[in-house]
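Quick note: the coordinates plus some simple rules give every number you see, no bench work behind them. Note that the coordinates shown come from a computational prediction; the quantities given were computed from them, not determined experimentally. Note that each Cβ is placed from the backbone with ideal geometry, even for glycine, and that neighbours are counted across all protein chains shown.
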Amino acid sequence: MVEPSVPRLWRAVLPICLICFLYLCSFLLFFCATNSLIYSTVCLLRANESYCAEIDQNKSLIILEESIQKESSQWALYGTLSFAIIACFISPIYGSLSDTKNRKFPIILTICNAILTGLIITIASIYQGTQLCLILYIVANIVNGFGGGTLILISSCFGYATDSCTHKEQHVQMIAIIEASLNIGVIIGYALCTFVFELHTRIWHILLVHVLLLVLALVISLVFLKNRSLSQPSTNNLSQKIIQPIYDIHDLFVGLKQNHLLISFLILLFSLFFYDLFRMGSGSIVYLYLHYMSFDDAHYAAYFSFEQLATCLALILLVLLRRRWKVNDLYLAIMGLCLSLAAPILFAFAQRNKAMIFGAIPSSMFSIYFAVCLRAIIARLVPEKDKGKAFSFVALIQNLDVVMGTIACVEIYQASIDFFPGLVFIFAATTRIIALIFILIQGLCVSRTPELLSIMPTDEIEEPILENQSDDDNNNDDELIHA
C-alpha cells in the first residue's frame, strides 16, 4: 500500500521549518544585539554614557553622530568581511557534504558553529565600551565564517526539504512554506528585540537567549532529521575531500552544459547576484540610517517586525497564486522585483519622515517573490543528486554579495552622509533594475529554448503539497504500463 504523500511531506518539512524559525529568531537577536553593541561601544569610546543616550534624539550633536556612524560602519565592514570571505570558501565544501554524506550533516555543523559564535559575542558584550569588545566581535565573525552562517543553513534546509517532493512543481510551495517560517522567525526575533530594548536590559541577556534558541534548534536537528545520503560513502583521503567541491562544481556545470541549461543557470545567478548585492550588504547601514532618521533601537525592531509580517502575508498570497491560478514562476519573480522598486526610493528621500519609511513596507514585502521563485527554478534545473551543489553555489554567490555589497554600501554611506545619506538606497534601486534586466533576458531565453519549457511549467495541473496525490500517482503508473 502506497504511503500518502502529504504526511510524508509534512514530516520532512515541519522539523526544517522549526529549525529555520529558531535559527532566524536567534539570528535576529544576534543581529540587533551586535549592531547596538558596536554603535554603543564606539560611542562610549568617544564620550560618556549619558551623552550616548541622547545622541540619537539631540540633533545639536549631529556632527559627532556622523563621526560615530562612520566609525561604526567601518567596524561593521571589518566584521562582515571577516565572516564572508571565509564563508565564500566554505560554501562549496558544505554543498559537497550535503550531496556526498547526507543532507543533515551541514545543518548540524552550521548550528554548532553558530552556538560557538554566540558564546564568543556574549563574552564580548561583557566588555561593552572597550576596545576588547570590538576585537572579540571580529573574532566571533571569523569563527562564524567557518560555519557558513545563515545562507548555508537555509541552502542546506532547502536541499533537505525538496528531496521529499515527488513532483518538481511542488518546490515553489515547499520553499515558500520554509520562507514563511524564516520570516516568522524574523518577526519574533525583532519583537523580542523590541521588548528587551524597551526594558532597557543588558545586551548579554539578548545574546544568552540567542544561544538557547540555537541549542533547541540543534536538538531538533539531531532527533528529527533523517540521514539522507544520495550516494555511496566516500573513501577519499583528506586532501581529496578538500578539493572535491571544486570537482563537484565542475561536474555540475558540465551536466548543465550537456543539457543546454548552463546559460540559463548563469543568467539566474547573475540576476540573483545583483538582487542580493544591496540586500546582503545593507544590514548595518540600514540600522545606522534609521538611527540617523531618529529611530531608537525599539523603533528599529518594530519597523522590521511589521515588514516581516507583511512579507509573510505576501508568501501566503504566493502559495495561492501558484496553487489556484498556476502563475508562472518567472512571471512571479518579475512581478515581485518590479513591485519592490518603490521601497528604496521612499527610503532614499525620507528625510526623517517616519511615515515614508513605514510606507515602504507594501513595496518591500513583495521582493521575497524573486528569491523564492528563483530558488525553485534552480531546483528544477539540476538533478536531485546535484541540488546540494547548486544551492551551495547560490550560497557562495550570496556570500560574495555580502563581501562586495557591504563594501559598496559602507563606502557609499560614508561618502554621502554629509550631503545625501539616502544615496545608498539609490544604489539599491539600481542593482534591482539590473537584476530585472537579467531576469527579462531569462524570459526571452525560455521563449526561444525548448529545453527550458520543462522547468517553467505553465499549463499542467500542479499537484499541491496540501492535497493527497495517491490517485494521481496511480494514474501515472497506468500510463507507464500502457506506454
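A 25 angstrom limit on the alpha carbon distance is what I want to check against. Which of K70/K354; K226/K326; K257/K385 exceed it? Too far apart for the 25 Å limit: K226/K326.
Computed over the alpha-carbon pairs of the range 291-433, the distance histogram in 10 Å steps reads 11, 31, 37, 17, 5, 0 percent, short to long.
The slack in the chain from D163 to I437, taken as 0.36 nm per residue of separation less the alpha-carbon distance, amounts to 95.5 nm.
Here the spin labels are modelled as points 7 Å beyond Cα on the Cα-Cβ line, and at C445 and F419 they lie 4.0 nm apart.
Positive end of the dipole of the range 256-413 (Cβ unit charges, origin at the Cα centre): among M293, L318, I368, the Cα lying farthest that way belongs to L318.
The share of alpha-carbon pairs in the range 366-414 lying farther apart than 16 Å comes to 54%. Given R₀ = 56 Å, what would the calculated FRET efficiency be for R202 paired with H260, taking r from the Cβ atoms and rounding to 0.05? After rounding, the FRET efficiency stands at 0.45. Take each peptide in 82-89, 175-182, 348-355, 123-130, count the other Cβ atoms within 10 Å of every residue, and average; sorted highest first, the result is 175-182, 82-89, 123-130, 348-355.
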